[in-house]
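The values are calculated or read from the model by the stated rules, or taken from the named source; none is laboratory data. Everything numeric in this text was worked out from a predicted model, so none of it was measured. Glycine gets a Cβ as well: all are built from the backbone with ideal geometry, and neighbour counts include every protein chain shown.
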Amino acid sequence: MAQLNVDNWKISGIASAVPSTVVENSEYKHLNSLEKKLLIKTTGIERKHIADKTTTTSDLCEVAANRLLDKLDWDKSEIDVLVFVSQSPDYYLPATAIILQNKLGLKSSCMAFDVGLGCSGYIYGLSIVASLVNSGNLRKALLLVGDVSSSTVSEKDKSTYPLFGDAGTATAIEWSEGCGGSFNLKSDGAGFETIIIRDGGIRNKVTPSSFDVKEISAGINRCDLDLELDGLEVFNFSVTKVPKLIEETLEETKSTSEDYDYFVMHQANLLMNETIRRKLKFSKEQTPYSLKDYGNTSSASIPLTICAQLNKEMEQKENKVLMCGFGVGLSWATLSIKCSPMVCLPIITV
Amino acid sequence: MGLDEFVGKIKEEFSEDYNVGDLDPDTHIKDMEWWSSMHMLVVIALVDAEYDVMLSPEEVREATSIKSLFEIIKTKK
């Protein structure tokens, strides 16, 4: 069981950046008015921020990281680790983290690498960085997490286009004796086709047919370079596996839902997240959402939700937080953590 | 838990926006003009909340009528 307690680290700050362009789902032209109403009611997504064609995930993360480092007043030469978690890297190679090491002006002795995960990626990223910091000599680290999913969805696919927004985040982590958190990390590759972009990797290289747009069903038109999502399978996975994982986490940490100040979930869609919340008996007050204004921001959704909804609370007091990421892979993970007061910036619009 | 009650709950869920007056146990779900995968998700969530039964995607896809969906719920209850 990938359950790990990692000591001697804390989150010192979080910042999130989104593009300035806002797309309203009420204006989405590939749905009729009743479909739009149902979409907004069930997903909870009224609008999302979309990057222009030249803005990448790393651009958004870079802005978030610079603002956060300024606010923390950290000396960049002290940063020993940079991990970039995304499914929308700048290039096939090299790793985007290494490009960011240079752009951010970090030292060459800074360890930098990418992790290719989506909705569970923030928790996985924290588990890696926390373990590195706890291991000894590495004292300060940056975890940059985000996705520009809008570049991977077909505008003519009503099952994906209205859902995804773009965001890049930065989380500062440092050695801190006596602090720590408890992770539980899971994966199930049997569900790899549930959320997938079929072409563009080594398995299915890009060919002229990759660009052929096919009508899958009414209102769903895409090519094999576009994101494909099986909503029913995702729903089934999420509302069966996630509650079990959280129950496991509560048992392992000898806690109940009432012990937590906040339960911050990956922002998939409102119907799904509310089903999970009700099953686990977390209150609405404990469970913040950023879906309405930002949509599903993939790997960025947990830190973005914290910045959007909890920034004052995170800055002013200690909070016990249960975080849970779940989705593409299939992959799902939790972190139970007592957060010391931290720098938590309001959402930055780029 | 009865079939009529189940039909009533589905009607209640969608009555605000759709013509559900003709809905009955034998109504063929996929023949309804307005039915989509999003409506299926709403029904799955409703069944989970009301009956504590999680319908699988295969079960929902294979169910032809409201009555057949109800039969699945009964066997899983």
If you check A:Leu225 against the conditions, is it over 26 Å from A:Ala15 (Cα atoms) and modelled with pLDDT of 95 or more? yes
Across segment A:114-132, what is the total count of residues that are buried (at least 24 other Cβ atoms within 10 Å of the Cβ), among the hydrophobic types (A, V, I, L, M, F, W, C) and assigned to a helix (DSSP H, G or I)? 4
Surrounded by fewer than 17 Cβ atoms within 10 Å (Cβ to Cβ), on the phi > 0 side of the Ramachandran plot, of a type in the set (Lys, Arg) and more than 14 Å from chain B (Cβ to nearest Cβ): is that true of A:Lys214 in this structure? no
For segment A:295-312, which residues satisfy the criterion of being more than 20 Å from A:Ile197 (Cα to Cα) and in contact with a strand residue (DSSP E or B) (Cβ under 6 Å, 6 or more places away or on another chain)? A:Ile302, A:Pro303, A:Leu304, A:Thr305, A:Ile306, A:Cys307, A:Asn311
Restricting to segment A:272-290, name every residue that is within 13 Å of chain B (Cβ to nearest Cβ) and β-branched (Val, Ile, Thr). A:Thr275, A:Ile276
Evaluate the following for A:Ala65: is it within 17 Å of A:Ala308 (Cβ to Cβ), buried (at least 24 other Cβ atoms within 10 Å of the Cβ) and touching a residue at least 12 places away in the same chain (Cβ under 8 Å)? no
Residue within segment A:51-59 that is modelled with pLDDT of 95 or more, of a type in the set (A, V, I, L, M, F, W, C), crowded, with 20+ Cβ neighbours inside 10 Å and out of contact with any helix residue (DSSP H, G or I) (no Cβ under 7 Å at 6 or more places or on another chain) present: no
Top-ranked residue of segment A:266-282 - restricted to ones that are over 16 Å from the mean Cα position of the chain (by Cα) and not in a helix (DSSP H, G or I), ranked as modelled with the highest pLDDT: A:Phe282
Only residues that are touching a Cys at 6+ places or on another chain (Cβ under 8 Å), buried (at least 23 other Cβ atoms within 10 Å of the Cβ) and β-branched (Val, Ile, Thr): list them for segment A:68-90, please. A:Ile79
Taking the condition of being more than 14 Å from every other protein chain (Cβ to nearest Cβ) and either in contact with a strand residue (DSSP E or B) (Cβ under 7 Å, 6 or more places away or on another chain) or closer than 30 Å to A:Gly201 by Cα (or both), how many residues in segment A:221-254 meet it? 13
For the structure I just gave you, tell me whether A:Asn269 is within 11 Å of chain B (Cβ to nearest Cβ) and closer than 22 Å to A:Glu46 by Cα. yes
I'm checking my understanding of the structure. Among residues of segment A:239-248 that are in contact (Cβ under 8 Å) with a residue 24 or more places away in the chain and under 21 Å from A:Ser182 (Cα atoms), which one is surrounded by the fewest Cβ atoms within 10 Å (Cβ to Cβ)? A:Glu247
Among the residues of segment A:118-132, count how many are touching a Phe, Trp or Tyr at 6+ places or on another chain (Cβ under 9 Å) and within 10 Å of A:Phe326 (Cα to Cα). 3
Which residue is surrounded by the most Cβ atoms within 10 Å (Cβ to Cβ), if the candidates are limited to segment A:31-49 and must be out of contact with any Leu (no Cβ under 6 Å at 6 or more places or on another chain) and away from chain B (no Cβ under 12 Å)? A:Lys48
Which listed residue, of A:Lys36, A:Lys41, A:Lys29, is assigned to a loop (DSSP other than H, G, I, E, B), modelled with pLDDT under 95, out of contact with any strand residue (DSSP E or B) (no Cβ under 7 Å at 6 or more places or on another chain) and not aliphatic (A, V, I, L, M): A:Lys29
Report whether or not A:Glu285 is out of contact with any strand residue (DSSP E or B) (no Cβ under 7 Å at 6 or more places or on another chain), over 21 Å from A:Ala172 (Cβ atoms) and part of a loop (DSSP other than H, G, I, E, B). yes
Within segment A:255-266, the count of residues that are of a type in the set (Ser, Thr, Tyr) and either within 14 Å of chain B (Cβ to nearest Cβ) or farther than 28 Å from A:Asp293 by Cα (or both) comes to 2
